[in-house]
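Everything on this sheet refers to the single structure shown next.
The values are calculated or read from the model by the stated rules, or taken from the named source; none is laboratory data. Quick caveat, the model's predicted, so the values are computed rather than measured. Counting neighbours? That spans all protein chains shown, and the Cβs are built from the backbone with ideal geometry, glycine included.
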Amino acid sequence: MAAYGVPERDIARVLGIDPKTLRKHYRDELDTGSIKATAKVAEFLFR
């Protein structure tokens, strides 16, 4: 979900956990998800 730009708060709500718990256990995925989303936009603009 992070790769599609869904905010951490909303991801945590869907999973039924606190946002702090989400960040604690999925920090790497959240960070790389936003990078992947930015790369997808850049690729689209480049084409």
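Observations
- Close pairs (7 angstrom Cβ cut-off, 6 or more residues apart or separate chains): over 16 Å from residue 5 (Cα atoms) in segment 16-44, of a type outside the set (Lys, Arg) and assigned to a helix (DSSP H, G or I) anywhere: 18/12
- A single entry from 27, 9, 13 fulfils the requirement of being part of a helix (DSSP H, G or I) and either touching a helix residue (DSSP H, G or I) at 6+ places or on another chain (Cβ under 7 Å) or modelled with pLDDT under 90 (or both): 9.
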